[in-house]
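Engineer: Provided herewith is a single structure, encoded as structure tokens, for subsequent inquiry.
The values are calculated or read from the model by the stated rules, or taken from the named source; none is laboratory data. A quick note: this is a predicted structure, and the numbers were derived from the prediction, not measured. For neighbour counting, all protein chains shown are included, and Cβ atoms are generated from backbone atoms with ideal geometry for every residue, glycine included. Protein only, heavy atoms only, side chains kept; ligands, DNA and RNA dropped before computing areas. Shrake-Rupley method; radii C 1.70, N 1.55, O 1.52, S 1.80 Å.
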Amino acid sequence: MWVYVGTYTAAEPYARGRAEGIYAYRLDPDSGALTRAFTLPGVVNPSYLAVAPDGRALYAVNEAPEFEGQAGGGVSAFARDPASGRLTALDRQPSHGTDPCYVSVDHSGRVALVANYTSGSVAAYPLGADRGLGAATSVHQHAGSGPNPKRQAGPHAHSIQPDPTNRFALAADLGLDRVLVYRLDPARGTLEPDDPPAAALPPGSGPRHLAFHPDGRHVYVIGELDSTLTACIWDAERGTLEPFQTVSTLPAGFAGVNSCADVHVAPSGRFVYGSNRGHDSVAVFAVDQATGALEPAGHTPTGGRTPRNFAITPSGAFLLAANQDTDSVVTFRLDGATGQLASTGQVTSVPSPVCLTLVPDAR
């Protein structure tokens, strides 16, 4: 596997920002060790990354309130050589909002989707034959607030991604306690609000990221503000999301400060994982295969502070955790039968790591 690491290159209120750009590593399939291949310098705060379905392009948000002399952040496209893994700059576009924090690519490889955190907006970009970014074809500004006056005074779009059918895109908005649903048209490269346009999550939860179960019928939404994981039923025909269970990501009795970040479902669909920043752990949940309901199954320390994002290899053999405030990526071996994580002893020094994106080796 190739492992691309998105980072902070500039100091922010929430990050030291000591990185140089995008980092690329090779993952050893036996030991889980990471070997540094190269660094692509000069990319401003490439905090979140996404790879085209065919592996021939990589996209990065430029998380900033101002980019290239203009208000708002940016999104950058890079051609990717599948054999060498090398990246070559293609083009950039404004993100049409401040502090873009998430980018994804639809399953056809024709549209890139971006979420702008501070302004609370989302945008869609058509991708050309060279996989470069066209001008945004859809920009939607969210509106409203939540019960937490410090964190939810306005909308804060924290992620947006296509559903498995590629007919819809779901955007988790931390400020609104809602997951907004958009109709996605890959041919036109556009987003339009669905009807109904959103699903309500628990008040004050601050939905951040979400992950689809392999069955395509269940979605798990992690709440940054109240350290919870909410299980939902997804109706891919109507484009509706129905929450039915909310569980804590923290062990009983924990009294410290915590906020959640990322969520992923094991390739087998048997377990769901969520990252705790403060408790500095990955929470494990077993999934009832009939109902999609969650059962807490323990916690594993991530071996560092502030685990931002993490990634699970397609084989389900390893989980890699990015510890933002201790400048490390730690590799764990994943037990497919129990869902538990075990140390491999592999710790890789990476400055200000935020996002881990895995790409199969084409050689």
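Engineer: Measure of size requested: the Rg and Dmax of region 151-215, with Cα atoms as the atom set and Å as the unit; please supply both.
Structural biologist: 12.1, 37
Engineer: Separate question: Please give the charge dipole size of the chain, origin at the Cα centre, charges +1 on K and R Cβ atoms and -1 on D and E Cβ atoms. Round to the nearest 20 debye.
Structural biologist: Charge dipole, the chain, about its Cα centre: 520 debye, nearest 20.
Engineer: Based solely on C-alpha atoms, express the radius of gyration and the Dmax of region 1-126 in angstrom.
Structural biologist: Over region 1-126's Cα set, Rg and Dmax evaluate to 14.4, 46 Å.
Engineer: Now for a separate question. Pairs of alpha-carbon atoms within less than 8 angstrom and 6+ residues apart define the contacts here; what relative contact order does the chain have, in percent?
Structural biologist: 12 percent
Engineer: Another question about this same structure. Dipole of region 267-331, Cα-centred, from +1 at each Lys and Arg C-beta and -1 at each Asp and Glu C-beta, to the nearest 20 debye?
Structural biologist: 80 debye
Engineer: Quick one: which of 150-157, 138-145 comes out on top by average Cβ neighbours within 10 Å, and what's the full order, highest first?
Structural biologist: 150-157, 138-145
Engineer: Roughly speaking, to the nearest percent, how much of the chain's 1.4 Å accessible area is carbon and sulfur?
Structural biologist: 52 percent
Engineer: Continuing with this model, one more query. Place +1 on the Cβ of every Lys and Arg and -1 on the Cβ of every Asp and Glu in the chain, take the dipole about the Cα centre, and give the residue among P29, Q141, P41 whose Cα lies farthest towards its positive end.
Structural biologist: P41
Engineer: Packing-wise, with mean Cβ within 10 Å as the measure, how do 327-340, 284-297 rank, highest first?
Structural biologist: Averaged packing, sorted descending, gives the order 327-340, 284-297.
Engineer: Hey, what's region 246-363 come to in accessible area per residue, 1.4 Å probe, Å²?
Structural biologist: It amounts to 37 Å² per residue over region 246-363.
Engineer: What does the highest-first list of 236-246, 345-355, 109-119 look like by mean Cβ count within 10 Å?
Structural biologist: 109-119, 345-355, 236-246
Engineer: What is region 1-110's relative contact order, in percent, from Cα pairs under 8 angstrom and six or more apart in sequence?
Structural biologist: 21 percent
Engineer: Give me the percent relative contact order of region 225-296, please, defined on Cα pairs under 8 angstrom at least 6 residues apart.
Structural biologist: Normalised by residue count, the contact order of region 225-296 is 24 percent.
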